[in-house]
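What follows is one structure encoded as structure tokens, with my remarks underneath.
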Amino acid sequence: MLEIKNLHVSVEGKKILKGLNLTVNAGEVHSIMGPNGSGKSTLASVLAGRDGYEVTEGQVLYRGEDLLGMAPEERAHEGVFLAFQYPVEIPGVGSIQFLTAALNAIREHRGLEELDALDALKLFKDKIKALHVSDELLGRSVNEGFSGGEKKKNEIFQMAVLEPTLAVLDETDSGLDIDALRIVAEGVNALRSPERAFLVITHYQRLLSYIVPDFVHVLVNGRIVRSGEKELALHLEEYGYAWAGQRDPTGVGSG
Amino acid sequence: MNTPEIEALAQREYKYGFVTEIEQEFAPPGLSEEIIRFISAKKGEPDWMLEWRLRAYRYWKEQYEAGKEPQWAFLPYGYGPIDYQAISYYAAPKQRPESLDEVDPELLATYEKLGIPLEERKWLAGVAVDAVFDSVSVATTFKAELEKHGIIFCSFSEAVRDHAELVQEYIGSVVPHTDNFFAALNSAVFSDGSFVYVPKGVRCPMELSTYFRINAAQTGQFERTLIIADEGSYVSYMEGCTAPMRDENQLHAAVVELVALDDATIKYSTIQNWYPGDEEGHGGIYNFVTKRGACRGARSKISWTQVETGSAITWKYPSCILQGDNSVGEFYSVALTNLRQQADTGTKMIHIGKNTKSTIVSKGISAGRGQNTYRGMVKIMKGAEHARNYTQCDSLLIGDKCGAHTFPYIEVKNRTAKMEHEASTSKIGEDQMFYCQQRGIGMEDAISLIVAGFCKEVFRELPMEFAVEAQKLLSVSLEGSVG
Ligand SMILES: Nc1ncnc2c1ncn2[C@@H]1O[C@H](COP(=O)(O)OP(=O)(O)OP(=O)(O)O)[C@@H](O)[C@H]1O
Ligand SMILES: [Mg+2]
């Protein structure tokens, strides 16, 4: 589903990703771990198409097509979803209005009929209830004044509504209490299917005991220095990133 | 045209009453006493009205000859000099297009986007419409309903004829002709406009809209409106409409006067969408408007809400004079400048009575090469014990060729006053845009959403129907501002 080949990315002239390789197949959950500033969010941003990231080398194929050539909204239409590390507040814009616009844009692309306001609202209420998140969030402006945890839960709720094919979760577990963590994990697990893939960026092995990944990759200094199965996360917890780097100094990861 | 000829014309005019074959008549360009007499005669006005016009004209002439056309508005692009002697102050209606086929396709495309019904498109584009036009019958039904409550809602000309005592008492009492250059000009030559009187204790049962006064709708150039809300009454008035109005007349100088007596409330909502000109700033209306409300009575309230998206230049400060104790003034504004538009708009709140309270919420949006200025004055007079003002002034920039400017003036002469002022300027956030796009919402829709969110506090003051239209209008006005 996703093939990242020798990806080099610079931000404002500074090299951040330095030859990253990663293959994710449909049905798989991959976790990416790595120290602060190693380039995890950069990878997520490049996949989603945020401005300001210069790809100097390499290629990204999504379902066989050149992902980097698509506008951000096209990627969303094609099923790419990013749960933001820092979800953005949009003052004055109602959550329902926002999500209805998003959903209908995606539905239109998929050749589905537009949902009217009433059906959309019903869908949102069902989805938010299934996640055990308070539907009070629906009545507010997008992320405005939400607590850190509410923002993260809201990302998962949006994911549940938009039903992506490839979901990238950037530290969705950071700053969550144990109940919220479970909500996030259940949200992901409910969507897991042979047609979908997940890229879960996290610092904590804790999340991975709820969302059990098929593969774990360690990103250090713009490269994947080590890949393994779920046990790798436990080793990392014990020995730290320096250890991961030492054991695979060539930085050629595989998945 | 010399005087005897004009008088002869006027004579003939009297014979036929108000609505006659105006197509065949016109005033030559230029402004003079003769022209004022001609206009007044043409309308069959009584002497006092003519005298009033002439006084205004003489004042204007003095100002004009002394070179006192106001220059203080902040208009970075400036504008060409206005040749007042080249304007025709009483022109016969323009040749109307016979059908929509003769109308600018670009204009029609915009109507389509705004979802305006076909019959109304014709009217808006100035095509002669036949009598079966829906709104005509709607208007008639409305009129009957209003009469039942004793509410007067008619054209200004009719009011001069049928309600002279009211007009005489209140005209110029809020905006005297000496107020400013353009108010003087309007007072001298005003073409027509609306008149509203709501009797004591009556709550007007519907939104009054110029839209329903079709025959008076084509009087954009020198419009004059007077609304009087008698004790304990309530009225909500809507002016303008979202469809872009094209007008050959470049200069617009309207005057609006509102009077609220004890316990009366007037809510005045405007959507202004005159032709803004092209990307280089060619064409486009100069909109120099004087709008003011007097809260004369105790506990009276005047609330202005405006959505300004049109015109090449807007120069407009709907204001409130808070004379009555415990009276309330409000100003909610969205001003959008795109292309090469320039807007200098805001309000004045003059606190005179005790416990008077004012609220100002201004939202300026600049896109393209638009220049948007908020200019506001809050004045607390000596006797205004415990006056309060809250001002919030936000600017949103889209792109980097536009500008936002704010000039708040505050003058406080009473120590018990409480003033709050908040201001912000933000660029439309790249992260907000990206967030929307990541969810599948395209750039233009994302901008519309974010802008609508930014304007929410103002939109919610608009009558429901108007609010929906206003939101659509902003989206259309912003089209092509990204990329
Ligand atoms: N817009 C930018 N301008 C300058 N430097 C940037 C920019 N965006 C990212 N960087 C830098 O790129 C590096 C990688 O950042 P990134 O956000 O991808 O790290 P991360 O792995 O997600 O870290 P964390 O675990 O702290 O979230 C950092 O050194 C960061 O400062
Ligand atoms: Mg990060």
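Worth pointing out:
- In the set A:Val60, A:Val11, only one residue is crowded, with 19+ Cβ neighbours inside 10 Å, hydrophobic (A, V, I, L, M, F, W, C) and either at pLDDT 95 or above or within 15 Å of ligand 1 (Cβ to nearest atom) (or both); that residue is A:Val60.
- Among the helices (runs of 4 or more DSSP H) confined to region B:419-483, the ones with at least 3 residues that are over 23 Å from B:His405 (Cβ atoms) and either touching a helix residue (DSSP H, G or I) at 6+ places or on another chain (Cβ under 7 Å) or within 11 Å of chain A (Cβ to nearest Cβ) (or both) are located at B:430-438, B:443-454, B:464-478.
- Residue check, A:Ala83 within 14 Å of ligand 1 (Cβ to nearest atom), closer than 30 Å to B:Leu396 by Cβ and crowded, with 23+ Cβ neighbours inside 10 Å: yes
- Considering (1) within 14 Å of another protein chain (Cβ to nearest Cβ); (2) acidic (Asp, Glu); (3) within 16 Å of ligand 1 (Cβ to nearest atom), the lone condition that A:Glu114 does not fulfil carries the number (3).
- Residues satisfying the criterion are absent from region A:90-109 (criterion: within 16 Å of ligand 1 (Cβ to nearest atom) and either of a type in the set (A, V, I, L, M, F, W, C) or surrounded by 17 or more Cβ atoms within 10 Å (Cβ to Cβ) (or both)).
- When A:Ala130, A:Ala102 are screened for being farther than 20 Å from B:Gln438 by Cβ and touching a residue at least 40 places away in the same chain (Cβ under 8 Å), only A:Ala130 passes.
- Whichever residue in region A:164-183 is in contact with a helix residue (DSSP H, G or I) (Cβ under 7 Å, 6 or more places away or on another chain) and within 12 Å of chain B (Cβ to nearest Cβ) and, among such residues, is farthest from ligand 1 (Cβ to nearest atom): A:Ala167
- Test: residue in region A:26-38 that is surrounded by 14 or more Cβ atoms within 10 Å (Cβ to Cβ), in contact (Cβ under 8 Å) with a residue 12 or more places away in the chain, over 24 Å from A:Tyr210 (Cβ atoms) and of a type outside the set (Phe, Trp, Tyr): no
- Complete set of residues in region A:174-186 that are assigned to a helix (DSSP H, G or I), touching a residue at least 12 places away in the same chain (Cβ under 8 Å) and farther than 25 Å from A:Gly37 by Cβ: A:Ala180, A:Arg182, A:Ile183, A:Ala185, A:Glu186
- Of the residues making up region A:46-57, those that are touching a residue at least 12 places away in the same chain (Cβ under 8 Å) and within 16 Å of ligand 1 (Cβ to nearest atom) are A:Val46, A:Leu47, A:Ala48, A:Gly49, A:Arg50, A:Gly52, A:Tyr53, A:Glu54, A:Val55, A:Thr56.
- Pair list, Cβ under 6 Å, 6 or more apart: region A:159-173 residue free of Cβ contacts under 8 Å to residues at least 60 places away in the same chain, other residue charged (D, E, K, R) and more than 16 Å from ligand 1 (Cβ to nearest atom): A:Ala160/A:Lys127
- Residue in region B:88-97 that is among the basic types (Lys, Arg), modelled with pLDDT under 85 and over 29 Å from B:Tyr317 (Cβ atoms) present: yes
- Residue in region B:398-418 that is surrounded by fewer than 19 Cβ atoms within 10 Å (Cβ to Cβ) and either within 13 Å of another protein chain (Cβ to nearest Cβ) or part of a helix (DSSP H, G or I) (or both) present: no
- Restricting region B:211-235 to residues that are surrounded by fewer than 19 Cβ atoms within 10 Å (Cβ to Cβ) and at pLDDT 60 or above, the residue that is nearest to B:Ser477 (Cα to Cα): B:Tyr234
The values are calculated or read from the model by the stated rules, or taken from the named source; none is laboratory data. All figures in this text were calculated on a predicted structure; none of them were measured in a lab. Neighbour counts are summed over all protein chains in view; Cβ atoms, including those assigned to glycine, are modelled from backbone coordinates with ideal geometry.
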